[in-house]
1. Rounded to the nearest 0.05, what FRET efficiency is calculated for residue B:60 and residue A:170 with R0 set to 41 Å and r the Cβ-Cβ distance?
2. At a probe of 1.4 Å, how much accessible area disappears from chains B and A on forming the pair, both sides counted, to the nearest 100 Å²?
3. What net charge do the residues around residue A:14 carry, taking every other residue with its C-beta under 13 Å from that of residue A:14, with Lys and Arg at +1 and Asp and Glu at -1?
4. Which parts of the range A:60-94, residue by residue, lose 20 Å² or more of accessible area when the rest of the protein chains are there, as against the chain isolated (1.4 Å probe)?
5. Report, to the nearest whole %, how much of the accessible area of the range A:30-182 belongs to carbon and sulfur atoms, 1.4 Å probe, protein only.
6. How far apart, in nanometres, would the label points at residue B:242 and residue A:257 be if each is projected 7 angstrom from Cα along the Cα-to-Cβ direction?
7. Considering Cα pairs under 8 angstrom that are at least six residues apart, work out the relative contact order of the range A:30-182 and quote it in whole percent.
8. Whole Å is fine, so just give me how far the alpha carbon centre of the range B:184-250 lies from that of the range A:63-117.
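The values are calculated or read from the model by the stated rules, or taken from the named source; none is laboratory data. Keep in mind it's a predicted model, so treat the numbers as computed, not measured. Because the Cβ atoms are built from the backbone with ideal geometry, glycine has one as well, and the counts that use them run over all protein chains shown. Surface areas here come from the heavy atoms of the whole protein model, side chains and all, with no ligands, DNA or RNA. Shrake-Rupley method; radii C 1.70, N 1.55, O 1.52, S 1.80 Å.
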Amino acid sequence: MAKEKKARRPVDPNSAKYKLGKIVEDHYRELQEAKDRGEKIGWCASNFPQEIFQTLGLKVGYPENQAAAIAARGAGEKLCVHAEDSGYSNDICAYARVNLAYMDLKDVPEQNMPQPDFLLCCNNICNCMIKWYENISKELDIPLILIDIPFNPDYEVSDEQVAYVKAQFLAAIKQLEEITGKKWDDEKFKEVMEISNRTSRAWLEATAYTKYHPSPLNGFDLLNHMAVAVCARGTVEAAEAFETLLEEYKQSVQDGTSTFRGEEKYRIMFEGIACWPHLRATATGLKSRGINMVATIYADAFGFIYDDFDGLIRAYCKVPNSINLEKARDMRIDIAKRTDTEGLLVHTNRSCKLWSGFMYEMSRQIGEACDIPVTSFDGDQADPRNFSEAQYETRVEGLTEIMEMRKEAK
Amino acid sequence: MKSLEQIFEQFHSIATNPKDAFNRYLEEGEKVVGCVPVYTPKEIVHAMGLVPFGAWGADLELAEAKEYFPAFICSIVQSVLELGIRGEYEGMSALIVPSLCDSLKCLGQNWKYAVKDIPFIPMTYPQNRKADFGIDFTVAGYQRVIADLQEATGATFEPEKLKESIKAYNKQNALMREVDALMAQKGVMPTQRSDVYKSAQFMKVEEHSQWLQELIEVLKKQEDAQHDGKKVVTAGILADSSGLLKIFENNQIQVVADDVAAESRQYRIDAPTTDDPLRDLAVKFAEMDHCCVLYDKDKKRADLIVDMVKEKEADGVVVVLTKFCDPDEFDYVMIKRACESADIPHALIEVDRQMKEFQQAQTIMEAFAEML
Ligand code: SF4
Ligand code: SF4
């Protein structure tokens, strides 16, 4: 690690990389400062409508982001084991295990985050989230606000669902006003919505650059930038950073350069959350074969574009894990076609039942519709014990061979 | 009058041969609707003149379901799909799947492609179910189920009929609660107790209630149990595996109460009876609590289990955890803590529907019985 650091050149402060990194750093620092000032801070689910607390001017931390950072820095197993020792099954989502362990340990040098005074939960990505936040709420004896966005079995979002979620949205504002003493301001809300849209547009445009041949970016970069899309969507800094990123990609396309090192021989879609504890192994397994990830649902997942309050509600009802197989499939087919994807690599994520629970059928359908080979490997987003490099290598090799054969046949 | 043995034998034969019951309904020209747990609105199915039939999976090896589910999804959901693919539900008019946990959400999505000839009907429940907006959303979910059932079966819905169905189910609830208390008092064995609950999934409500009444009459005449073994409260999703129940019996352990989704949890809450039966049913759901798939930030379920132990003067708690059931895995920690602070001994047994070897459970229960 240390050796590698020495070799790195300082990052240009005008670059997107610098700006995005700074946002994440500032995020944790400002959260700690708010806590130190005696402000009430929250822990928040990644897809909770951030417009609510941005408008109220509240600071929150994201356990999922923190868990990913902890896992990427090598402490995933330690924390998972700690949670298991207190009774949590090792079958439970590793983000939850890492976070529940952190709640207990309170100091983990890989990534610290101040303890919460309230909790904001939204289950549009999974119901596991509800159970996890319930347990924190009970253990720390702090208020929990749940915005329940049920899994939608239909293609379109129904008016009944919009009405239900909207009512909860308003109830959540009231509860938060009571908990924190802050006041809601409609003008501020409008402003936050505008900034969020601006950020989302820049993010969507930037991520769309993977459609170029070669793609100006190594798709794995997006996995890192996601943290900003999650934790800072409603801030001007995030909007600007993604706009810078967009400019850089534009320039790269003109110059024919890319952050993907080496020749881009194959273009694939990577399905699922990254294997944070084995990021290097998973990335190298692709890079060494000239495989670039040009398609991921994350690109579209964090693009919350809407015109008004109803639109905002509908956007939160359409996040990837809350939609039915057909809609989830079509979104991916669309991305795969836009980016000339040649293969699909699916991370069967031991942590995420919802993400993996109908992925076999869905990826079969995507493979057929796009006429591309599909391969999966077993892994986990934060528990390093659920991944085998040997299996990964074999599967990726298999996928490469098929892609190669198809190229030759053309 | 039937003897106690005869009555229990009746329950046992249904509980162990659901397929026979299913075929009998089809032969009688009934339309049968599969009801995947939990809180499936059986009252609505019943009111439309259809037979609600519990679909909690079965103890069998998984083969076909593996094409759809990875291994880390619970065996209830997996085996429901397996039965569907194998054609065991052939003749079923539709399958209703509520979306209360992540695995159930996936079941419906897979079902559409794996079992194309039996329509999947989703029931989307709210978690913020107690406020008016939550009740409205539940009603909307029920309306959708009604429309889908109409389409799948041609049956029609009338509110007046739903009122009658609600009464029939409320009556069964009351009888179940009475039987439950009596079975504890009279020392009924775990297998027999389980059969009473399990058979309810596969029988028409009126018929089951009739049997319950017979059971109550006979039980009342029995001497109270002079039980020299141990008494426990069970908690979990399912606790009906015969291998497991035998272990309880071999170790002289009686189940005196449960917080099991497939058992008494279903019968705790009655629907109100007003002029708006659909809303009554939604109110019933709103009042449901103490359950791992229903939002509860205070974790009242753990307290309920402690209260049950005290009330029934039980010696301890056995958590029967269905492998890969994450809602229950989260609750387990809270139950464990609540038991520890109330000084109640507890044991954890992991089960799944493919389990053939009960050695580990046997060892745990032996040690537990000795400790009590
Ligand atoms: S990984 Fe899956 S189960 Fe875990 S928090 Fe995310 S969506 Fe939920
Ligand atoms: S056993 Fe648990 S995971 Fe399985 S369907 Fe029931 S609640 Fe869901």
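1. 0.30
2. Interface area, both chains combined: 4300 Å², rounded to the nearest 100.
3. -2
4. By number: A:86, A:87, A:88, A:89, A:91, A:92.
5. The nonpolar share, carbon plus sulfur, comes to 46 percent.
6. Output for this residue pair reads 7.3 nm.
7. Answer for the range A:30-182 is 23 percent.
8. 42 Å
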